[in-house]
1. Ala141 to Leu48: extension gain in nm, 0.36 nm per residue of separation minus the Cα-Cα distance?
2. For labels at Ala120 and Asn26 in the simple 7 Å Cα→Cβ model, what's the distance in nm?
3. Pulled fully out, how much extra length does the chain show between Tyr62 and Leu5, if you take 0.36 nm times their separation in residues and subtract their Cα-Cα distance?
4. Considering the zone a paramagnetic label at Met81 would reach in this model (a point 7 Å from Cα along the Cα-to-Cβ line), which residues of the stretch 5-25 have amide N under 15 Å from it?
Amino acid sequence: MRAALRQLPRRYWRVIVLLAAFAVVNFPDALILLRLKGIGFSVAEVILAYVGYNVVYALGSYPAGALADRIPRPAMFGIGMAFFAVGYLGLGLTTDKVAAWLILGLYGLFTACTDGVGKAWISGLVPAELQSSAQGIFQGATGFRGFVGRSVGRSAVGGKRPTAATDLRNRWRLLCSNPAHSVYRCVDSPQIQRRIE
């Protein structure tokens with residue numbers, strides 16, 4: 001195993017550090033749902049917005065991947081990061097619901113331009129016999145984001161007791177299994193409502 005790690009090139013480790021660092025600072029998307037509620041979205045509208053985000057993500061993934069085959073993958077990832085910046089800054093600044101819908105669509109393009117492209121970028125840096133090891137390290141490094149994100153969330157709201165931030169993260173995990181119900185529970189939580197008010 002150590003021998004395999006030593007065979008991974010330096011450029012691979014540089015990219016791993018870059019992507020893992022971004023994964024750590026990229027807070028869970030459940031916070032975006034909370035922001036939509038703060039802008040004035042109803043529970044039903046938040047659910048539709050979450051669905052719309054995933055539709056944009058799904059529809060944009062293939063074109064983004066095809067474009068990444070024609071241009072350097074770091075450049076494609078950079079385009080995704082631009083969408084990320086527009087999404088977070090835009091939703092942080094706007095109070096208009098129509099603008100929020102459009103910005104959320106752009107944020108969906110961020111995921112489309114970075115998710116599969118990031119994995120392809122990693123795979124292009126290592127030889128075929130090390131692909132599984134390389135991807136495993138990548139997934140482990142980005143998965144560390146969950147631990148750090150929870151710690152940062154607790155520090156940000158202060159105290160170790162359950163808070164709206166940790167409540168949001170717990171509810172976000174449920175979205176994979178039952179998105180509509182989980183979004184409803186997330187935005188309709190009494191803790192969340194008190195934070196918004």
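FYI, it's all coordinate maths here, none of it is from the lab. For clarity, every value in this text was computed on a predicted model and none was experimentally measured. Because the Cβ atoms are built from the backbone with ideal geometry, glycine has one as well, and the counts that use them run over all protein chains shown.
1. Result for the pair: 30.3 nm of gain on full extension.
2. If labels sit at Ala120 and Asn26, their model points lie 1.6 nm apart.
3. 17.4 nm
4. Answer for this model: 14-25.
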